[in-house]
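> Structure incoming, see below.
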Ligand code: AMP
Ligand code: MG
């Protein structure tokens with residue numbers, strides 16, 4: 001049974017007494033995970049609209065793929081037992097145009113790649129291993145019995161489960177479903193996510209800055225990250241640090257969305273105020289997580305909506321999104337969890353770090369003399385957003401790790417793979 005957040009929130013005062021540095025990244029992830037019940041409503045979409053959607057049902061194949069034994073080569077289909085003699089070529093099988101007659105003794109057919117191998121033949125020889133003289137062909141290099149034939153069902157057999165429920169559909173899956181003749185598919189409904197940025201200092205691009213103002217970058221990075229996940233995104237804009245407006249915006253957003261995300265307003269000075277607001281209307285816990293960047297993080301429920309309060313510093317917003325919110329949203333979408341891909345590579349520069357916190361430094365993976373290596377992007381402050389743009393990976397340094405010398409192996413999480 002799911003634990004009740006209310007039990008934990010009613011203990012919020014003990015959370016306050018709790019050593020703020022004691023919540024590890026792993027603990028926070030597990031904590032959040034317990035409260036995530038996936039959406040249950042489903043809808044049917046066409047294959048072309050299925051990219052990034054989450055399967056609500058497992059897919060089993062109604063077909064053998066390939067549907068028939070077919071040739072893997074351009075060559076000749078023959079009976080292996082007759083390989084020693086010249087064979088008369090009595091016809092041709094093309095892909096999509098089978099050879100439908102019998103093959104008499106000491107005969108064979110020409111066959112193209114993908115063409116059905118007639119039941120009378122048991123082997124295909126590639127053209128390059130034969131010599132032809134008038135209407136006969138001699139097999140110069142006899143292949144093994146059954147060679148060069150792709151067997152019916154060797155990719156997928158009838159009744160086989162090809163995709164599990166909870167699988168997030170990628171381009172290859174769209175092709176796979178098409179190869180099974182499936183044109184429509186049942187998926188979970190899309191998650192509705194609202195977000196807004198808090199801060200009196202924020203101005204949108206296109207407007208001029210007054211003294212002390214800054215451009216709102218989180219609005220755009222959050223928009224991008226949420227769209228990449230395939231959520232229906234409501235951008236509620238910049239909300240001033242005004243209790244009345246914040247309260248109104250938060251409640252309206254929570255009433256109509258599965259998830260509400262805010263950036264800013266959860267650090268020490270402002271947290272008390274947000275805490276009061278959220279305590280009045282919801283069940284929200286504020287944490288200091290022993291990570292860098294991204295220490296302050298709030299998670300909880302406002303009505304039925306999940307709430308994530310991310311720190312305002314632009315790198316911290318992105319790191320907390322990728323390390324906590326992204327998996328949570330995938331869980332809510334009904335997607336099966338997959339651990340982020342990570343591996344160890346040599347870091348070519350020294351790394352500054354004190355033990356005690358998990359750090360997500362920004363790194364650049366590069367190839368040198370056939371070996372992948374990583375270097376940091378340089379200055380690692382949580383306001384240095386250019387580091388996220390330059391980087392192609394996080395360098396994940398665990399709590400115990402201290403300063404590292406150049407040449408040490410470090411764990412990296414690449415931002416992009418092949419697909
Ligand atoms: P806060 O978490 O509200 O205390 O903000 C921490 C830092 O991040 C401050 O320097 C803010 O000016 C900055 N900041 C907050 N929100 C944004 C935003 N949406 N875009 C860019 N910087 C922000
Ligand atoms: Mg602020």
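> Given the conditions (1) within 16 Å of ligand 1 (Cβ to nearest atom); (2) under 29 Å from the mean Cα position of the chain (by Cα); (3) assigned to a helix (DSSP H, G or I), report the number of the one that residue 175 does not fulfil.
(1)
> Restricting the stretch 183-222 to residues that are surrounded by 12 or more Cβ atoms within 10 Å (Cβ to Cβ), assigned to a loop (DSSP other than H, G, I, E, B) and touching a residue at least 60 places away in the same chain (Cβ under 8 Å), which is nearest to ligand 2 (Cβ to nearest atom)?
Selected residue: 199.
> For the stretch 309-363, which residues satisfy the criterion of being within 20 Å of residue 254 (Cβ to Cβ) and either more than 16 Å from ligand 2 (Cβ to nearest atom) or surrounded by fewer than 22 Cβ atoms within 10 Å (Cβ to Cβ) (or both)?
321, 324, 325, 328, 329, 331, 332, 333
> Quick one: which residue in 400, 352, 330 is more than 29 Å from residue 227 (Cα to Cα) and in contact with a strand residue (DSSP E or B) (Cβ under 9 Å, 6 or more places away or on another chain)?
Just a single option satisfies the conditions, and that option is 352.
> On to the next question. Quick one: how many residues across the stretch 124-166 are at pLDDT below 95, over 27 Å from residue 52 (Cα atoms) and touching a strand residue (DSSP E or B) at 6+ places or on another chain (Cβ under 6 Å)?
Summing the residues that are at pLDDT below 95, over 27 Å from residue 52 (Cα atoms) and touching a strand residue (DSSP E or B) at 6+ places or on another chain (Cβ under 6 Å) in the stretch 124-166 gives 1.
Every residue, every condition in (1) farther than 29 Å from residue 295 by Cβ; (2) within 16 Å of ligand 1 (Cβ to nearest atom), yes or no:
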residue	(1), (2)
180	yes, no
193	no, no
199	no, yes
213	no, yes
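> Suppose we filter the stretch 258-284 for residues that are modelled with pLDDT of 85 or more, near ligand 2 (Cβ under 10 Å from one of its atoms) and either farther than 21 Å from residue 313 by Cα or out of contact with any strand residue (DSSP E or B) (no Cβ under 6 Å at 6 or more places or on another chain) (or both); how many remain?
0
The values are calculated or read from the model by the stated rules, or taken from the named source; none is laboratory data. Worth saying up front: this structure is predicted, and the values here are computed from it rather than measured. Ideal geometry is used to build each Cβ from the backbone, glycine not excepted, and the neighbour counts take in all protein chains shown.
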